[in-house]
Structure formats: C-alpha cells, structure tokens
Amino acid sequence: MARKNLNVGLVGYGFMGRTHSNAFLQAPRFFDVPYQPVLKAVCARNAERAKGFAENWGYQSVETDWHALIERSDIDLIDIASPNDTHAEIAIAAAKAGKMVLCEKPLARTATEGKAMVDAVESASVANMVWYNYRRIPALALLKQLLDEGRFGRIFHYRSQFLQDWTISQDLPQGGEGLWRLDASVAGSGVTGDLLAHNIDMALWLNGPITEVTAMTETFIKQRKHQLTGKLEPVGIDDASAFLCRFKNESMALFEATRYARGHKALFTLEINGESASARWDLHDLHRLEYFDHREESRLRGWKSIHITDSDHPYMKNWWVPGLQIGYEHTFIHQVADFLQGIGEGRQVSPTFHDGLATDYVTDAILKSAKTRQWEIIPSVQKN
C-alpha cells in the first residue's frame, strides 16, 4: 500500500532540530508506517543558517517567521524544536490552524502555559505529542511491559537521578543562542524543567501519578554575564534540584538532578523496587536492564543483566541482528514511528500534551515547595 505524505514544518535548527529531522527521515525506512514524512520547510530567524540546515537535511524551503509557516496550506504538522519560551504561542497557533503539533520537552515553562496548550490541541482535535524520547528506549519499554504484567507486585520505592557537570565554571555566560537554558525567562527553570522533567515523565509512565512533593533547589553561581546584554545579571534558574514524593499507588520516591556533578555528562538512572521484583537502568548502558526476581529458586536468585538486542525485545526486530546495539538517536525514530502508526489508526500516541502537562504540574510543585519548604499537592490532570 502506498504511503500518504505528511508534510512537516520544523521550527528550530539546533540539537533537537537535528534529532527530529533524522527521525522523520529514518522512521519509514525501518518501520512499516502508513505515512511518509516530507521535510517541507524549516523555520528559524537566521535565514542563512536555516538555508544551510535545509540543504543538509533535505528541507524543501525556508521560513524566517513561524506565523508564515503555520499559515502555509502545504504544511500538515508543526514540529516545535525551539526554546521553551516559544512553545506555547507556536503550539496554540498551530492547533488553531488545524495542524498536528509535536513539541520538545518540557511542554511549557509553567503548567499555566501547558494547560492553554492542552486546551488548544484538544479543542481543535489535532494529533499532538511531546518529545519525551526516553520512553522509547527498548530497555525501558521492556521494563514497562514487565510492570504492566504485574511481575513486581506492590511497588514500594522509585528513585531516579540525572547528573551533569557542564555549568560548573563561573565564567560560563547565560542567555542567548546555545545558553538559553541558563536564562530563567526563556527556559522557565533550570534542571527541574530540563533534566528532572525526563525523570518525572518516566516515573509517571512507569509508576503512575505523583500526588505530593517536598523539594529543595540551589543556585550555586548567583550571577553570570548575559550574552545578549553583556552585563552581569542575577541567575534565576536552579542548578540543582532534589525532591521526595509519594505516588498514587502509595509508593515513595527520591529524585535528584544537577549540573554540578563533576565527571557526569548525562547520568540518567532509575531503580524501582517491588514486593516480588526490582529493576534498575542507566543511560550510560542504555541497552541493558538489570532485573531481580525474588520468586526464583534461592540458590540461583540474583541480579541479572538483560542485553536488549533480541527480536522479541521492544522495537529491536526492526533493526540489526541480535547482539548488535542501537543508540540515543533511535529513541526519536521509535517515537516518530509510533506517532505515524497512531495517526494512521486514528488514535493519540503518548506522551501527549496531556501527559506533558502532568509533568509540568509536578515541576511547578517542586519549584513552589523549594520556596515554601512545605509539602505541595499535585493537581490531577483532567481531560476535556
């Protein structure tokens, strides 16, 4: 059966713009999907650099105003890979124009912005998705299967970290291209919205809703030179963030994220402990899932390391022969493949904007708790 074309309009040409573009190109080459993404247009303010990006990735045209991109009748889908302060305005306008909308994480700077985005896509009944790509790591997709099969029994503990070290130097400026994540007005928050958002989305997916949190944050370097003004300005983001929480299933959890863990570039870990089994995972060894099953015979009982490369593991039958590994970029390819399959079947594919809002509610509560030094209740996300 011939595939239908799906014309993509991308906003942004940075790191995420590259990963998304690669995913659109590769998904139909490795997965049997009903749509063929067509890289129709890329939009960015710097026309010369956008043109170079378009030539490299095969985009057919360039826009320098996202309003013009959305107004084009030959665009079916708007993919937002631009800084956080642009997400809400672009997504809402795209939804009102009847476009499908994909958006980089976090969904928004605040839950208030995120709620408006959810209302827009649900009111327009357009397909939508947030790029929480780690859900598509085969090892974690397998963990989700094991949890859904009830192999863990009652869950007692969930713990997760995301550690980096790239902002330790006090000479590093804030703001502007490449460093907008250090500017609170653009990013919304620091590691809470950038790193912990991944941990939280994963936890919500694997272990269900979080009901309450208590948190602490720290900004280690109080002032940095701003690239746009050239002046030394206060730093408004959180450099480190940690919180305790409870889930709806009554399990308890501990989360931590920082950009000040010298020696760690992207250490994303999680562990989950249940009545009958436990599992742990590490992004630095992303193709392995460590698993312990207490029901095994006692003399053989112990932690096992499952190498996720076989055809009966999630997504792996579409790649290479058993024993050969895949990497980070494949998670985005898997997400595009799932999205294309979903719209072909007329169903929404998670994580939707609704799921992204659930994470935004938690990050808002973390930041509030860090200020009030009190437990904060997480609002439930109501579907329209």
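The values are calculated or read from the model by the stated rules, or taken from the named source; none is laboratory data. Bear in mind that the values here come from a model prediction, so they are computed numbers and not experimental data. Note that each Cβ is placed from the backbone with ideal geometry, even for glycine, and that neighbours are counted across all protein chains shown.
Computed quantities for the displayed model
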{"read-out": "Among (1) within 30 Å of V8 (Cβ to Cβ); (2) surrounded by 17 or more Cβ atoms within 10 Å (Cβ to Cβ); (3) not small (G, A, S) - the single one K144 does not satisfy", "value": "(2)"}
{"read-out": "Some residue of the range 292-315 being over 19 Å from V213 (Cβ atoms), touching a Leu at 6+ places or on another chain (Cβ under 8 Å), not in a loop (DSSP other than H, G, I, E, B) and not hydroxyl-bearing (S, T, Y)", "value": "yes"}
{"read-out": "Residue list for the range 335-364, restricted to those being assigned to a helix (DSSP H, G or I), small (G, A, S) and in contact with a helix residue (DSSP H, G or I) (Cβ under 9 Å, 6 or more places away or on another chain)", "value": "A337, G356, A358"}
{"read-out": "Every pair of residues 6+ apart whose Cβ atoms lie under 6 Å, when the first sits in the range 15-30 and is surrounded by 17 or more Cβ atoms within 10 Å (Cβ to Cβ) while the second is among the aromatic types (F, W, Y)", "value": "T19/F332; S21/W57; A23/F332"}
{"read-out": "Members of the range 57-102 that are among the aromatic types (F, W, Y) and within 16 Å of M117 (Cβ to Cβ)", "value": "W66"}
{"read-out": "First in the range 193-213 and within 17 Å of S241 (Cα to Cα) and not assigned by TED's automatic domain parsing to the domain that holds L140, second anywhere and of a type outside the set (K, R) and surrounded by fewer than 24 Cβ atoms within 10 Å (Cβ to Cβ), Cβ under 9 Å, 6 or more apart", "value": "none"}
{"read-out": "Check on A277, in contact (Cβ under 8 Å) with a residue 24 or more places away in the chain, of a type in the set (A, V, I, L, M, F, W, C) and within 23 Å of L195 (Cβ to Cβ)", "value": "no"}
{"read-out": "The range 1-14, subset under 16 Å from I75 (Cα atoms) and in contact with a Gly (Cβ under 9 Å, 6 or more places away or on another chain), residue surrounded by the most Cβ atoms within 10 Å (Cβ to Cβ)", "value": "L10"}
{"read-out": "Any helices (runs of 4 or more DSSP H) falling wholly within the range 1-72 and containing at least 2 residues that are within 18 Å of A97 (Cβ to Cβ) and either modelled with pLDDT under 95 or not basic (K, R) (or both)", "value": "66-71"}
{"read-out": "Unmet requirement for G176, which otherwise passes all of (1) buried (at least 22 other Cβ atoms within 10 Å of the Cβ); (2) on the phi > 0 side of the Ramachandran plot", "value": "(1)"}
{"read-out": "Members of the range 73-85 that are in contact (Cβ under 8 Å) with a residue 24 or more places away in the chain and out of contact with any strand residue (DSSP E or B) (no Cβ under 7 Å at 6 or more places or on another chain)", "value": "P83, N84, D85"}
{"read-out": "Residues located in the range 325-339, provided they are surrounded by fewer than 23 Cβ atoms within 10 Å (Cβ to Cβ) and in contact with a strand residue (DSSP E or B) (Cβ under 7 Å, 6 or more places away or on another chain)", "value": "none"}
{"read-out": "Within the range 121-143, tally of residues that are assigned to a helix (DSSP H, G or I), of a type in the set (S, T, Y) and within 14 Å of the chain's Cα centre (by Cα)", "value": "1"}
